[in-house]
Amino acid sequence: MAEKILQSGHFQLRYQDGAIRKLKIGDSEIIRMMYFAVRDRNWGTVPARIIHETVEQKAGGFEVQLTVESVQQDIDFSTRISISGQQDQITFAVLGTANSSFLKNRIGICALHPIRECAGKPAKVLHPDNSSETFRFPEYISPEQPVKEIRELEWDPQPEIHARLRFEGDIFEMEDQRNWTDASFKTYCTPLSLPFPSAIEKGETVQQTIVLTAEVKGKSGAKAGKRIQVEWDETRPFRLPEIGLGVSSREEAMLEEEAAVFSCIAVARLRADIHMTDQAWPDELEKAMHESALLQKHLFVCLYLDDDFDYQLQAFISAARAARLQAVMPVNRRHLPHSRFRKIAAALRTAFPGIRVGTGVNAHFAELNRNRPDMADADFIGFAASPQVHAFDDLSLIENHEGLSAAVRSARKLFPHLPVWISPLTLKQRFNVVATAEETVIPGQLPPQVDVRQSSVFAASWTLGAISRLAQAGAAAVDLFETTGWRGIMQGNFQAPLPGLFPATVNETFPLFHLLQMLNGTLEGYPSISSNPSVIEGLIVRKHKSLDLILANYSGEQQRVQLAFRAKAAASHKKQDPDMNNSVLLEPFALSTFRRFR
């Protein structure tokens, strides 16, 4: 079913595919999303198929009834979901039944709390034993659960709004999802303190309910206007992160004719993972050095080493003598900071004078937040990011731009003297760092690392928003995707392995490639704020002779965008596009550049 806007008392919300999201009172977001999920033994979300669905808007409220099936490999679980609104109360109730016996990590309702209305604010929790306490939603990202054993939560999203959540059917707790660059705090069940994975037997049932109520005092705030505004400030310039690309993971080596295409895009370096713990490491390094030489770009290596690493390190140093080596970040087998960083860094600096050696994780910010390395002798701090750990739809990815900003700001708080490198940033996770069993690739399906949207305008538009948010948060560098192939910015001279599922043509350059063309020659950027970033996102960059406004329209509708800006001096603009004085028109799903000549 297409998205539907529902009303209940002061609440307005969006309903689609069994989930309610952006529950608002006026301009204040009370709950970002409420949904039901079945998580397998590797924390993967089992896809849910809707069997039956009815949605009815009534006087004073609404009623949603649906039946869904979550089926994947040995998992077979069916659920009846009831979502209702009655004045200023929303009820989300589920009754699920296991149709097979399987191992699961979690089955339950989740409530996501927005960052803007919650971070840093006080709240009250009522526990199952009727004791209560106050706490604050974390301002910076919390490595542990901010609150546990929740029966009720109360907080004020705005001074005139008091919200309450009541949880039934399981023990709930909260985590800071910004650890995985999700833009929310999540209240979920079952507690992580209980063993997982755990078995659920055929015929076993799960019954849970969440009730949201709100008290509104006086005016609840005006609703946003239909026209979207983008504000930007030319008086406060910032540097864009240094942009790199990952070495291609496809089997075929890069060709000279492919490398020639990259001369027109903004790329400073290449990134490669070299697993000295794997017998194939010489092939990995040779491939990385080959691409680096063809593209004439320096190489950043994430170097995997054992605890007993002396031989491995010397082997790498010997093999990498001819590499255009810019930087190295050593990690251990578990993708975490290496305990012998100082000794490794000293050996690398002796072998490669001028090299930058950093510390960090080849995984999400959560792992860095929970495994904080000694930053002495480090030249930078690094971690990876992906917007698709817990949710996979377009809107969730767009919302998670805010999570990227939060991760960078928290890293800068933890490591105040080190540049922050996001490396790599990919649409999907490259591997599941918390898997409890080996991940399997289902024959005839895309690998879990590949997103069919990689070749779409959406991927480029999403990346524009990511670069804008990372720049404004102060990230020093970001390594994006890969050079070629279905995880890259162009298909290259070889067909995708599953062309029926990933319909890219040979030699096709993806919109991601054209975004990097748009950024080529950028000297600095400027802060920008969209009044509705889930629909319109922008980035303003200064080049030698122009000021370029790059705008992305995430919606399927034409959008008129009002522009508001502070210029350094009107006389400095020799010629300007008249549209940039007032407004611009964006076509559906468009990525467009508007230029002012200086």
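The values are calculated or read from the model by the stated rules, or taken from the named source; none is laboratory data. Note that the structure is predicted; figures quoted are calculated from it, not measured. With ideal geometry, Cβ positions are generated from the backbone for all residues, glycine too; neighbour counts draw on all protein chains shown. Protein only, heavy atoms only, side chains kept; ligands, DNA and RNA dropped before computing areas. Shrake-Rupley method; radii C 1.70, N 1.55, O 1.52, S 1.80 Å.
Results, tabulated for the structure shown:
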| read-out | value |
| --- | --- |
| Of all residues in the stretch 442-457 being open to solvent by less than 30 Å² (accessible area, probe 1.4 Å) and in a helix (DSSP H, G or I), the one that is farthest from Asp74 (Cα to Cα) | Ser455 |
| Qualifying positions in the stretch 305-343 - of a type in the set (A, V, I, L, M), under 31 Å from the mean Cα position of the chain (by Cα) and crowded, with 20+ Cβ neighbours inside 10 Å | Leu305, Leu325, Ala327, Val328, Met329, Val331 |
| Flag if Ala384 is assigned to a loop (DSSP other than H, G, I, E, B), of a type outside the set (Ser, Thr, Tyr) and under 18 Å from Pro337 (Cα atoms) | no |
| Hits in the stretch 172-204 - residues which are open to solvent by less than 10 Å² (accessible area, probe 1.4 Å), out of contact with any helix residue (DSSP H, G or I) (no Cβ under 8 Å at 6 or more places or on another chain) and in a strand (DSSP E or B) | Phe172, Glu173, Met174, Asp176, Thr187, Tyr188, Ile200 |
| Any hit, the stretch 60-67, residues being crowded, with 17+ Cβ neighbours inside 10 Å, within 22 Å of Pro191 (Cα to Cα) and at pLDDT 95 or above | no |
| Top-ranked residue of the stretch 535-547 - restricted to ones that are closer than 13 Å to Phe594 by Cα and at pLDDT below 90, ranked as surrounded by the fewest Cβ atoms within 10 Å (Cβ to Cβ) | Ser546 |
| Members of the stretch 1-50 found to be part of a loop (DSSP other than H, G, I, E, B) and aromatic (Phe, Trp, Tyr), listed by number | Trp43 |
| Subset tally (residues that are in contact (Cβ under 8 Å) with a residue 40 or more places away in the chain and surrounded by fewer than 16 Cβ atoms within 10 Å (Cβ to Cβ)) for the stretch 127-143 | 1 |
| Subset of the stretch 422-439 (residues that are β-branched (Val, Ile, Thr) and under 12 Å from Gly44 (Cα atoms)) | Val433, Val434, Thr436 |
| Helices (runs of 4 or more DSSP H) completely within the stretch 274-363 that count 3 or more residues being touching a residue at least 24 places away in the same chain (Cβ under 8 Å) and in contact with a strand residue (DSSP E or B) (Cβ under 7 Å, 6 or more places away or on another chain) | 281-295, 341-351 |
| Among the residues listed as Ile243, Ile265, the single one being over 23 Å from the mean Cα position of the chain (by Cα), open to solvent by less than 20 Å² (accessible area, probe 1.4 Å) and β-branched (Val, Ile, Thr) | Ile265 |
